[in-house]
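The values are calculated or read from the model by the stated rules, or taken from the named source; none is laboratory data. Quick caveat, the model's predicted, so the values are computed rather than measured. So basically every Cβ, Gly included, is an ideal-geometry build from the backbone, and we count neighbours across all protein chains shown.
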Amino acid sequence: MTPPLNRLVAEELDRPVMAEARVIANAILARHGDGVAAVLFYGSCLRTGDTGGLLDVYVLTDDLRRYHGRLWPALLNAALPPTVSYLETAGAAGLVRAKVAVMGTAAFGRAVRGEGIDTTVWARFCQPAALLHARDAANRAAVVEAVAQAVATAARWAVRLGPAHGLPAEYWTALFRHTYGAELRAERSDRATLVHDWAAERYAHVLPLALAHGGIAVTASSGGELHPVVHDRGKAGSAWKRRRRMGKLLNVLRLVKAAFTFDNGVDYILWKLERHVGRPVPISAWQRRHPLLAAPLLLMRLYRDGFIR
């Protein structure tokens, strides 16, 4: 019998999405074919419907060597997943842009369990997502199970880090504050509340299901407060401090790796700058071919010309 949380996740993954997300998925499939096990869409553009923004997608593959086409990028991805690239392709209304994170299916399955120091995967996929592509029924079922596990992991941490009893919103916002704090992200102080409030009813509904899925007993008062039975709340604080400290180091290592593996990284940076300042950023063909060598002088010129402040 399918667990209630899995049924809810399966319904959520089938949500309608903007045409631009389908365009990105089709472009990935045209390039990598059956090397793609699944494509997931998540993040701010899913929440807001911003078709001019940078879409966030995760690509799952069971053959990193086949997907990347070369051994070295595949080894780097296996050692420190995911590998991120920038993709832009033509859509009906103009260019569609996406940040594409690629990860092995087995690594994704391990990450959502939350047993290691990395919080990024389960923290993203406890939030609403859409399944743009699954290669077959088995891969679809695996994605549903993995995303349900991400929600259960998040719920477990939410009640360990949150109050002894409280409303669902208190647990989720406390969790998001902690997960943002464990990454190298410059977020507004109200970011956790904004993310929760976009789907407040969904988060309230999913929390008891996720706790039950993870074997955590919980009762609810007439006022809607939850009273989860948490036996290791005292240990959770120190365990999270390790994740916060090591998580930032992990993100630094990913940035270093991205300098060598971020396909079309120059286009991504230029798009970000142009979107910020509202005018094109000139760059020479040599600077595009040799971004690491060109970076110091290019950054000085961008600062001088007012692109960077």
Region 1-20, residues that are surrounded by 14 or more Cβ atoms within 10 Å (Cβ to Cβ) and over 12 Å from PHE41 (Cβ atoms): PRO3, PRO4, LEU5, ASN6, ARG7, LEU8, VAL9, ALA10
Region 21-34, residues that are in contact with a Lys or Arg (Cβ under 9 Å, 6 or more places away or on another chain) and crowded, with 20+ Cβ neighbours inside 10 Å: ILE24
Listing of helices (runs of 4 or more DSSP H) fully contained in region 111-208 that carry 2 or more residues being more than 24 Å from GLU11 (Cα to Cα): 137-161, 168-181, 191-198
Number of the exception - ALA37 against (1) closer than 25 Å to VAL151 by Cβ; (2) under 19 Å from the mean Cα position of the chain (by Cα); (3) surrounded by fewer than 20 Cβ atoms within 10 Å (Cβ to Cβ): (3)
Given (1) hydrophobic (A, V, I, L, M, F, W, C); (2) farther than 30 Å from ASN26 by Cβ; (3) at pLDDT 95 or above, number of the condition ALA129 does not satisfy: (2)
Residue selected from region 81-106 under the condition buried (at least 17 other Cβ atoms within 10 Å of the Cβ) and among the hydrophobic types (A, V, I, L, M, F, W, C), by the criterion nearest to LEU211 (Cα to Cα): MET103
Candidates ALA174, ALA169, ALA239, ALA204 - the one that is farther than 19 Å from ARG113 by Cα, in the same structural domain as LEU80 (by TED's automatic domain parsing) and in contact with an Asp or Glu (Cβ under 9 Å, 6 or more places away or on another chain): ALA169
Pairs with Cβ under 7 Å, 6+ apart, first in region 30-59 and among the basic types (Lys, Arg), second outside any helix (DSSP H, G or I): none
Condition broken by ASP50, with the remaining ones in (1) crowded, with 21+ Cβ neighbours inside 10 Å; (2) modelled with pLDDT under 95; (3) acidic (Asp, Glu) satisfied: (1)
